[in-house]
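Worksheet: one structure, shown below.
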Amino acid sequence: MTAKILDGNALSAELRESLRQRAAELAAQGSKPGLAVILVGENPASQVYVRNKIKACEAVGVHSEKYEFPADTPPEKVLHKIAALNADPKIHGILVQLPLPPQFDEDEVLEAVSAEKDVDGFHAENVGLLAQGNPRFISCTPYGVMEMLSSEGISLRGMEAVIVGRSNIVGKPMALLLIGASATVTVCHSQTRDLAFHTRRADVLVAAVGKAKMITGDMVKPGAVVIDVGINRLPDGKLCGDVDFDSAKEVASLITPVPGGVGPMTITMLLANTIESADRAAGK
Ligand code: GUN
C-alpha cells in the first residue's frame, strides 16, 4: 500500500481564503483583526517562523505588529510590552515566540498575556478550559492536526490514537483534543519502555518529538493515519519530519509530508484564532 499524502498547503489555501473573507468583513465593520508577535533573541528557526506568521497575516488581511528584543533583554521589558499590548484595542492576538532565553521564566511570560488574547492557547486558563472540553483558544498545531483529520472525514470515535511526545505545545493539547473526539489515547515519551509496541497499535499516530526520522515504517500499523508534527533540519540543510516518510508511506493509508503538511496548518490556525478573537471583541 502507498499512502495518500495529506497536503497541508492545499488545505491551508482553502481555509485561508475563507479567513480572508471573514477578516475583510470585520475590517469593514471597523474591527480589523490584529496580531502582535514578540521575538526575543536570534534563534534562526524562530526568526523563520515569525517571518512566516507575519507574511501570512498580510496575505489574509490581518494587521500585524512585530516586536524584536535582543537575547539579553531583561524580562521586565518584555512583560511591560505585553501589558501595553493587552490594553491595545487594535490587537486581538498576542504571541510570544518560544523558546525564550534562559533569564526568562516562560510560564510567567505566558501567564502575562491576557487570556482573551492568547491565540497560542498557552495560558493556564486556556489550557484548563481545553482540559474541561470547553476551549477558548486551541493551540495552533494540534488544532491544525484536528482540521486535517476532519478534512479527510476521519471519524476518531473508538480509534486507537498514539501520540509520541508530551510537550505543552503539542503532545498534551493533542491528547486532550483526541480524547474530546472519543479516541482511546496513549501518550508516549522519552521514558516509554517499548515505543514500537505502542506505535504499532495506532490507528492514528501523531509524531511530535523533534527527532529526525525516528518513526520508521516497521513501527506503523498497516493502514494507519500518520501525522508528522516534527520539523528537523538534516546536515545537508533539508527539512524532514519525525517520521521516516519513505518507509512509513508504504505502510500507512494517509500521511502528512514535511515540509508541506502540519507546518502550514499551524500558521493557518493562528490566523483563525486571531480572527475569532477579533470577532469576539467586536461582539462585546
Ligand atoms: N515555538 C515552537 N512552536 C511554537 C508555537 O506554536 N508558538 C509559539 N509561540 N512558539 C513556538
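The values are calculated or read from the model by the stated rules, or taken from the named source; none is laboratory data. Here the structure is a predicted model, which is why all the values come from computation and not from measurement. Here the Cβ positions follow ideal geometry from the backbone for every residue, glycine too, while neighbour counts run over all protein chains shown. Ligands, DNA and RNA are stripped out before the accessible areas are found, and what is left, the full protein with its side chains, is counted by its heavy atoms. Shrake-Rupley method; radii C 1.70, N 1.55, O 1.52, S 1.80 Å.
No other residue among Lys66, Lys90, Lys77 is within 26 Å of Ala13 (Cα to Cα), away from the ligand (no atom under 14 Å from the Cβ), modelled with pLDDT of 95 or more and surrounded by fewer than 20 Cβ atoms within 10 Å (Cβ to Cβ) apart from Lys90.
Quick check on Gly261: is it within 19 Å of Ile154 (Cα to Cα), under 17 Å from the mean Cα position of the chain (by Cα) and surrounded by 19 or more Cβ atoms within 10 Å (Cβ to Cβ)? Yes; evaluated as a whole, the condition is true for this residue. Selection over segment 8-33 of residues that are under 19 Å from the mean Cα position of the chain (by Cα) and crowded, with 18+ Cβ neighbours inside 10 Å gives a count of 6. Whenever a residue of segment 97-110 is free of Cβ contacts under 8 Å to residues at least 60 places away in the same chain, its partners that are within 10 Å of the ligand (Cβ to nearest atom) and of a type in the set (A, V, I, L, M), lying with C-beta atoms within less than 8 angstrom and at least six residues away or across chains, give the pairs Glu106/Leu98; Glu106/Leu100; Val109/Val96; Val109/Leu100; Leu110/Val96.
I'd like to know if segment 207-227 contains one or more residues that are within 16 Å of the ligand (Cβ to nearest atom) and within 19 Å of Ala10 (Cα to Cα). Scanning segment 207-227 turns up at least one residue that is within 16 Å of the ligand (Cβ to nearest atom) and within 19 Å of Ala10 (Cα to Cα). The set of residues from segment 212-238 being modelled with pLDDT of 95 or more and not in a loop (DSSP other than H, G, I, E, B) comprises Ile215, Gly217, Asp218, Met219, Val225, Val226, Ile227, Asp228, Asn232. Hey, any hits in segment 145-166 for a residue that's of a type in the set (Lys, Arg), within 16 Å of the ligand (Cβ to nearest atom) and closer than 29 Å to Gln191 by Cβ? Yes - at least one qualifying residue is present in segment 145-166. Taking helices (runs of 4 or more DSSP H) as the structural unit, those lying wholly within segment 101-211 and holding at least 3 residues that are open to solvent by 50 Å² or more (accessible area, probe 1.4 Å) correspond to 106-112, 124-131, 140-151, 171-180. Scan segment 35-48 and give yes if some residue there is surrounded by 13 or more Cβ atoms within 10 Å (Cβ to Cβ), more than 19 Å from the chain's Cα centre (by Cα) and not β-branched (Val, Ile, Thr), otherwise no. Yes - at least one qualifying residue is present in segment 35-48.
Sub-8 Å Cβ pairs linking a first residue in segment 219-234 that is surrounded by 20 or more Cβ atoms within 10 Å (Cβ to Cβ) to a second residue that is aromatic (Phe, Trp, Tyr), at least 6 apart or interchain, are Asp228/Phe245, ordered by first then second residue. Pairing each residue of segment 39-60 that is within 21 Å of Ala71 (Cα to Cα) with any residue that is of a type in the set (Asp, Glu) and open to solvent by 60 Å² or more (accessible area, probe 1.4 Å), provided the two are 6+ apart or on different chains, yields C-beta distances under 8 Å for Leu39/Glu68; Val40/Glu68.
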